[in-house]
């Protein structure tokens, strides 16, 4: 994999995890997301 692409994917993953972790339980529930699923959802974002 291209190093630049790998870096972009890593950055997108970490930003997604950070943003979802910043939401409270009600906001996550409104989105249909369980806090335990955040990392799995972030992996799908890349």
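Tell me the angle of helix 3-21 to the major Cα principal axis of the chain, expressed in degrees between 0 and 90 and rounded to the nearest ten. It is inclined by approximately 10 degrees.
A straight chain from residue 43 to residue 9 at 0.36 nm per residue would run longer than the Cα-Cα distance by 11.3 nm. Principal axis analysis of the Cα atoms in the range 3-44 yields extents of 37, 15, 13 Å, listed in decreasing size. From helices alone, the chain scores -21500 deg cm²/dmol at 222 nm; the rule is -39500 (n - 2.57) for each run of n ≥ 4 DSSP H residues, then divide by the residue total.
For the pair residue 17 and residue 31, the difference between a 0.36 nm per residue extended length and the Cα-Cα distance amounts to 3.6 nm.
Readers should treat all values here as calculations from the given coordinates under stated rules, not as data from a laboratory. Keep in mind that what you see is a predicted model, and the values were worked out from it rather than measured.
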